[in-house]
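A short write-up of the structure that comes next.
Bear in mind these aren't lab numbers, they're just calculated from the coordinates by the rules spelled out. Computed from a prediction, not measured in an experiment: that's the story for all the values here. Cβ coordinates were reconstructed from backbone atoms using ideal geometry, including for glycine residues, and neighbour counts include every protein chain displayed.
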Amino acid sequence: MLFRGKNVEEITLRDVGELVDNRVPESRTLEYKLELPGGKDKDKKEFLADVTSFANTAGGLLLYGVREEKDETGKNTGLPLEVEGISNASRDELIRALGSLIRDGTEPSLTTARLRLIEDDPSRPVLLIGVPRSLVAPHRVSFGGHGHFYRRSTADKYPLGVAELRTMLLESQGWARGLDEFRRERQARLRTGEVLPEATLDKGTLIQVLPMGRLDDLVDIVGQATTLSNWLYPPGTLSGETRPNLDGYSVYTRAITQSPVKPIEGAVQWLRNGGLEVYTSCFHGRSRYNASVATFDGAWASHYLGLAASRACQFMSDRLALDPPYAITLSIWGVKNRWVTANKYELHQEGRFLNEELNLPPILIPDVSGDLAGHLRPLLDILWQSAGYTSIPEVILDGVRQAIDRGGSQV
């Protein structure tokens, strides 16, 4: 999450001091508080109203430990006066409690708020709560049966009316439609040879990890080329050719053949909206026992999906400051009558795809610190069920978890 052009994870006490020195007023995306929320129910509801109002609008920053100027009536003016810091002796424990309150006291649960202490000067620590704009909004305050929705105006929160609430619900539905249109358009461009004109595209797998609700945004992806050149490789390799292209930045590999023209068989495409797209034909193959039997390596595909999702989510969150949720899609074609294999794993069941194409429903990753394998499981279950299994075999799912844990290692 960015605030005034800086990642909130990098904001220092000096940055907070500059807000005070420059008399930066409270706004739609900034609010000052001197003291931490109290322990009474009304204090907790007020705190949750502040947090959800940012999530339901444009995101923003709550800074605790900053005193405001007051007018002649003693009312806060919204102008910062001094960084005093928070004084609660058990502040670490209280911060953990606030994080739990945000998650448990909102509906749908708000999991993307970031709480951190700025302790450059231990005598006056500041609590920073960064609240990204939520793409699963609107969130309501559910604590204590409160049930109200809030948004931000220029410098304060207000309760949502029915008409504005309906508009927000329609906006969320529009993001889902936008994701579906983007997916279809990208797949059509790929399979007609527009994206990878040097690839053989009669069969393949397409993985996408995308910043939900930001598909039309532009980030400087080519400026990240040094990092991206070895951040993730196409399946089956630890190297690749690299180049900027129309869509962003690509890392790709070519098939090993006797022909002087070697087609592209795998490509990692980093998109200009910050998302990731992986194409490969490597999972399609032939049985090692009978070359006439067409196969699809379900274990390899599952493991690589875990790796790609992990690396893409980490890159978008840490390097680009693009907040969740992230959408993950999986499309496979050229698989009719192919048998699912599991490489080194001995499965006690055989499965075969009956469909020529699989366009699996997208899933959302709401929080980069959550159980990524757990979020991926419904998608992986559908993949394996498409070949006749009841779910992804547990031994394969364990491999997905290991791929996610390895992070930088290649599958």
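Before moving on, here are some points about what is shown:
- Shape of segment 127-173, Cα gyration tensor, a/c cut at 1.5: rounded
- Over segment 173-266, the Kirkwood radius and the radius of gyration, each from Cα atoms, give a ratio Rg/Rh of 0.99.
- Restricting the calculation to Cα atoms, segment 256-411 shows an Rg/Rh of 0.97 when the hydrodynamic-style radius is the Kirkwood one.
- Dipole magnitude for the chain: computed about the Cα centre from +1 point charges on Lys and Arg Cβ and -1 point charges on Asp and Glu Cβ, it is near 1020 debye.
- Peptide packing: for 216-223, 205-212, the average count of neighbouring Cβ atoms within 10 Å per residue gives the ranking 205-212, 216-223, highest mean first.
- Cα convex hull, the chain: 167 Å³ per residue, rounded to a whole number.
- Exposure proxy order (Cβ contacts within 10 Å, fewest to most) of Thr73, Thr112, Thr52, Thr167: Thr73, Thr167, Thr112, Thr52
- Charge context of Glu181, other residues only, Cβ under 14 angstrom, K/R +1, D/E -1: +2
- Helical mean residue ellipticity (222 nm; -39500 (n - 2.57) per DSSP H run of 4+; nearest 500) of the chain: -9000 deg cm²/dmol
- Alpha-carbon centroid distance for the pair segment 9-43 / segment 44-71, whole angstrom: 8 Å
- 27 Å Cα-Cα reach of Lys44 towards lysines, excluding residues that sit fewer than 8 places from it in its own chain: Lys33, Lys70, Lys75, Lys157
- 0 to 90° range, to nearest 10: angle between helix 91-104 axis and the chain longest Cα axis: 60 degrees
- Amide H contacts under 5 Å for Val340, placed H, 5+ residues apart: Phe296, Gly351, Arg352, Phe353
- Reach of Lys336 by Cα under 18 Å, taken over lysines that are not fewer than 8 positions away in the same chain: Lys203
- Hull volume per residue, based on the alpha-carbon atoms of segment 226-276 and their convex hull, is 81 Å³.
- Scaled radius of gyration (Cα, divided by 2.2 N^0.38 Å) that segment 165-223 gives: 1.44
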